[in-house]
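Scroll down for the structure; my scribbles are underneath it.
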Amino acid sequence: MADALLAIFLCEFDNHVGRTLAFQQPEDTFTADEFDDISDYLIPKPQLCGSLVTLRLIGRVVLCRPVCLEDTQYARNALIFSLGFVINPHSMTAGSSGVDAGDADHDERLAEEHNVCTRYGRVLEKVSAQLTALEQERWLLSEPSHKAEVEQLLREIFDGLRHSKGCHAVVDAANILHLQIASSQPRRHPPAVAAHLAPVFIAPLDLSQARRWDLTLQKLVNFIDGTRHAKAIARAARVDLPLVLQALQALYAEGWIRMVPVFSYENRYACTPAIHAFIRSGPEKAALTVAAVSRPSAEPPLPFPLLTKIYAAFQPALDGSGWCSVQAVCEALPHIARRVDMRAAIHLGLLNGILRTVRTIPMTLDQEAQEPITRQPSLSSNPKLSCMANGNHDLEEICCALSASPSDAKRTLTSKCGPCAWTSI
């Protein structure tokens with residue numbers, strides 16, 4: 001059985017030569033040409049720093065977490081670095097190298113790849129956060145005299161994680177780094193329910209069981225139809241928002257609901273690799289899926305292959321305007337869209353991982369330089385709006401806060417905060 005961790009590396013942005021590979025173990029992990037091909041992703045633009053980046057190469061996956069530290073003591077007022085792992089995503093799955101594996105084996109490999117990436121990603125984020133803290137405390141990364149210390153630390157981490165799935169690295173007298181790769185993916189706890197997301201039932205509601213719920217839950221059930229976000233449900237039910245969020249959290253934990261974006265024809269979605277498994281659905285599953293998303297008046301019944309065309313159509317637009325919206329897909333496939341309940345189809349796609357939401361994030365532009373402002377802007381006469389346009393909130397949150405449609409929210413931000421850059425991720 002192959003080891004999951006293949007390599008560890010550290011990239012830095014040098015103000016004279018640009019992106020550089022400061023350290024890699026083993027030393028032949030990346031050739032110069034390979035590093036040049038992927039360096040834009042390892043050291044991305046500052047707006048993408050702080051996120052876990054995943055690159056899928058042939059036979060391996062590269063995980064990295066770029067960091068941008070802003071301080072006047074650095075050249076160009078910023079230090080940009082990226083710590084990364086190279087892993088074998090199928091190391092835990094027996095027979096994963098077989099080219100003729102069946103559908104079940106393929107799905108198992110995809111699930112194991114996600115599992116391995118998640119477990120190593122958590123450890124990578126912890127190590128990256130520790131390096132960031134040490135840089136802020138004593139210039140561990142930027143001070144050339146500490147280079148040997150950093151390389152020794154990364155070698156200890158690599159050897160420990162590769163051979164025993166854990167390590168206890170002594171950084172200095174005041175810092176010891178404890179790392180452990182989980183043997184299996186831990187039980188997921190439901191995330192905090194956001195006020196701007198809409199709850200949808202993922203199973204038929206058992207009314208006999210619902211009658212045993214507390215009065216708040218019983219009152220909210222009538223307003224959970226997939227068209228209202230949590231804030232709108234609180235307003236319609238005349239219940240305090242914290243109580244609504246607590247009640248929805250309980251339903252989420254028990255497996256009754258999931259949270260999805262409020263449906264709009266302006267929303268944009270991206271098709272995921274899960275569509276390959278969806279296309280191979282058996283006849284029974286395909287029939288149930290078609291029944292769940294077809295309009296009652298659709299005659300004749302919608303063939304399953306036509307439904308898959310709807311999901312596959314959520315791709316980048318040919319005119320370069322970004323990912324296709326629901327409206328654009330309906331206009332491109334009108335003969336199919338007329339027979340499909342698009343809200344039900346989108347919800348089914350999100351709940352089954354066939355689609356992912358393309359988030360639209362606004363950032364206020366500097367009026368003179370016309371560049372995104374990475375710090376909280378102060379140019380707006382409306383502090384609430386200016387805070388929302390700092391790159392940390394997506395359009396759905398803003399629409400919820402303003403009780404406005406996406407188009408109205410964009411106009412409001414532009415009129416109150418000035419020009420904004422809209423980034424889709």
request  = Answer yes if at least one residue in the stretch 268-285 is open to solvent by less than 70 Å² (accessible area, probe 1.4 Å), over 17 Å from A344 (Cα atoms), of a type in the set (S, T, Y) and out of contact with any Cys (no Cβ under 7 Å at 6 or more places or on another chain), and no otherwise.
outcome  = yes
inquiry  = Condition first: within 25 Å of the chain's Cα centre (by Cα), surrounded by 14 or more Cβ atoms within 10 Å (Cβ to Cβ), of a type in the set (F, W, Y) and under 26 Å from P406 (Cα atoms). Can you find one or more residues in the stretch 197-220 that meet it?
reply    = yes
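Is it the case, given these coordinates, that S39 is at pLDDT 90 or above, hydroxyl-bearing (S, T, Y), open to solvent by less than 50 Å² (accessible area, probe 1.4 Å) and closer than 17 Å to V123 by Cα?
No; evaluated as a whole, the condition is false for this residue.
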note = Taking first residues from the stretch 276-298 that are without any contact (Cβ under 8 Å) to a residue 24 or more places away in the chain and assigned to a helix (DSSP H, G or I) and second residues anywhere that are surrounded by 14 or more Cβ atoms within 10 Å (Cβ to Cβ) and not aliphatic (A, V, I, L, M), the pairs with Cβ under 6 Å that are 6 or more apart or on different chains are A286/F304; V290/F304
inquiry  = For the stretch 43-57: of the residues being under 17 Å from F85 (Cβ atoms) and over 17 Å from the mean Cα position of the chain (by Cα), which is modelled with the lowest pLDDT?
reply    = L57
request  = State which residue pairs qualify: first residue on the phi > 0 side of the Ramachandran plot and inside the stretch 309-337, second residue of a type in the set (S, T, Y) in any location, beta carbons under 9 Å apart, and separation of 6 or more residues or different chains.
outcome  = G322/T360; G322/S424
key: Subset of the stretch 293-316 that is of a type in the set (A, V, I, L, M) and at pLDDT below 90 - its residue that is surrounded by the fewest Cβ atoms within 10 Å (Cβ to Cβ)   = A298
remark   = Per the list (1) among the hydrophobic types (A, V, I, L, M, F, W, C); (2) in contact with a Cys (Cβ under 9 Å, 6 or more places away or on another chain); (3) without any contact (Cβ under 8 Å) to a residue 12 or more places away in the chain, residue check on A32 breaks on (2)
query = Do you know which residues across the stretch 7-28 are surrounded by 19 or more Cβ atoms within 10 Å (Cβ to Cβ) and more than 21 Å from A78 (Cβ to Cβ)?
reply = A7, I8, Q24
message = open to solvent by 20 Å² or more (accessible area, probe 1.4 Å), under 24 Å from R119 (Cα atoms), touching a Leu at 6+ places or on another chain (Cβ under 6 Å) and not aromatic (F, W, Y): is that true of R56 in this structure?
response = no
message = Need the failing condition index for P334 against (1) modelled with pLDDT of 90 or more; (2) open to solvent by less than 80 Å² (accessible area, probe 1.4 Å); (3) closer than 30 Å to R56 by Cα, just the number.
response = (3)
ask   = Name the residues in the stretch 226-255 that are outside any helix (DSSP H, G or I) and at pLDDT below 85, would you?
value = G226, E254, G255
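The values are calculated or read from the model by the stated rules, or taken from the named source; none is laboratory data. No experiment lies behind these values; they were computed from the predicted model shown. Neighbour counts are summed over all protein chains in view; Cβ atoms, including those assigned to glycine, are modelled from backbone coordinates with ideal geometry. These area figures cover heavy atoms from the full protein model, side chains too; ligands, DNA and RNA do not enter into them. Shrake-Rupley method; radii C 1.70, N 1.55, O 1.52, S 1.80 Å.
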